[in-house]
Amino acid sequence: MTNGYKDRMQRKKAHIDARIQEANIDKGIIVLLTGNGKGKSSSALGMVCRALGYGLQVVIVKFLKGTQATGEDAFLAKQENVRIISMNTGFTWDTQNQEFDKKMALETWQQAEQYLKDKAINLVVLDELTYMINYKYLDEQVILNTLNARPKNQHVVITGRAASEGLIKIADTVSKIADTKHAFRSNIRAQKGIDL
């Protein structure tokens, strides 16, 4: 190990340690996972696992996902501290009925709103919420107002492509996941434990 390397690592450690000391605010944060790449919902579920590991109370609200059962559904059904709300309509291209989809989105959002007011809920995941705004199924300002009014220490994770400027602005952390390559484009079907 050269002295140059050790010096660089010591400077890096000092910088990181100083930043950790400066980060002294505790509050609920909003994490927005957007972009065209695979892994937004999977990342959100990783945070769900973290929260459950600490015994926190979690609610997952699923907008737009298909009706096919997944591995995470099977796993989470066995967990005591998690509740799952699902729009249960499948994808919009399955229903092909805009008015029905709007009605179901509103019903699902109204359930989500109740949890976004509940101090006992530590983490709320709003999976694929971005589509509900983009398709104009839900009013963005109502969503933003509800997020701003939630309990001080409640965390929210929002997923979906093409996040609106309003969601980007309100979020504390925004990650945009890029689509570089996807197995489906090579005619590889969805795989259990990876895609399902």
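The values are calculated or read from the model by the stated rules, or taken from the named source; none is laboratory data. Keep in mind that what you see is a predicted model, and the values were worked out from it rather than measured. Here the Cβ positions follow ideal geometry from the backbone for every residue, glycine too, while neighbour counts run over all protein chains shown. For accessibility, only protein heavy atoms count, side chains too; no ligands or nucleic acids. Shrake-Rupley method; radii C 1.70, N 1.55, O 1.52, S 1.80 Å.
Length gain on complete extension for the stretch Ala120 to Lys6, per 0.36 nm per residue less the alpha carbon to alpha carbon distance? Working shown, then result.
Details: separation 114, 0.36 × 114 = 41.04 nm, distance 4.66 nm.
Separation in residues times 0.36 nm, less the Cα-Cα distance, equals 36.4 nm.
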Interchain or long-range residues, amide H under 5 Å from Gly160's placed H: Leu33, Glu128
For region 98-195 the translational diffusion coefficient, Stokes-Einstein from a Kirkwood Rh over Cα pairs at 25 °C and viscosity 0.890 mPa s, in µm²/s, is roughly 161 µm²/s
Using 0.36 nm per residue of separation minus the Cα-Cα distance, give me the extension gain between Glu165 and Ser43 in nm, one decimal. 41.8 nm
Inter-site label distance for Lys192 and Asn36 at 7 Å from Cα along Cβ, in nm: 3.2 nm
Under 13 Å from the Cβ of Lys12, count the other residues' Cβ atoms, weight Lys and Arg +1, Asp and Glu -1, and hand me the total. +3
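Within the chain, what whole-number % of the accessible surface is contributed by carbon and sulfur, with the 1.4 Å probe and all protein chains included in the calculation? Could you put the intermediate results ahead of the total?
Details: 6320 of 12420 Å².
Ligands and nucleic acids excluded, carbon and sulfur reach 51 percent.
Subtract the Cα-Cα distance of Leu56 and Asn88 from 0.36 nm times their separation in residues, and report this length gain in nm to one decimal. Display every interim value, and only then the final one.
On the way: separation 32, 0.36 × 32 = 11.52 nm, distance 2.55 nm.
Value of the extension gain: 9.0 nm.
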Exposed trypsin sites (Lys or Arg not before Pro) absent - longest run of the chain, DSSP non-H/G/I/E/B, at most 13 other C-beta within 10 Å: 28-77
Distance between the C-alpha centers of region 95-113 and region 144-189? Whole Å please. 19 Å
Read phi for every residue in region 23-31 and hand back ³J(HN,Hα) as whole Hz from Karplus 6.51 cos²θ - 1.76 cosθ + 1.60, θ = phi - 60°, with x for Gly and Pro. 7, 10, 9, 10, 6, x, 10, 10, 10
Partner lysines whose C-alpha sits under 20 Å from that of Lys27, ignoring same-chain residues fewer than 8 away, are Lys117, Lys119, Lys152, Lys169
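Would you calculate, for the chain, the mean residue ellipticity at 222 nm contributed by helices, counting each DSSP H stretch of 4 or more residues as -39,500 (n - 2.57) and dividing by all residues, to the nearest 500?
Values: 8 runs with 84 residues, N = 196.
Dividing the helical sum by the residues of the chain leaves -13000 deg cm²/dmol.
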Label-point separation (nm) for Gln68 and Lys102, each offset 7 Å from Cα along Cα-to-Cβ? 3.0 nm
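Dividing the alpha-carbon radius of gyration of region 1-133 by 2.2 N^0.38 Å (N being the number of residues), what value is obtained?
Details: Rg = 19.9 Å, N = 133, 2.2 N^0.38 = 14.1 Å.
Expressed relative to 2.2 N^0.38 Å, the Cα Rg reads 1.41.
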List the aspartates and glutamates whose Cα lies under 18 Å from the Cα of Lys13, skipping any in the same chain that are fewer than 8 positions away. Glu22
Using label points projected 7 Å from each Cα along Cα→Cβ, tell me how many nm separate Ile20 and Glu113, to one decimal. 4.3 nm
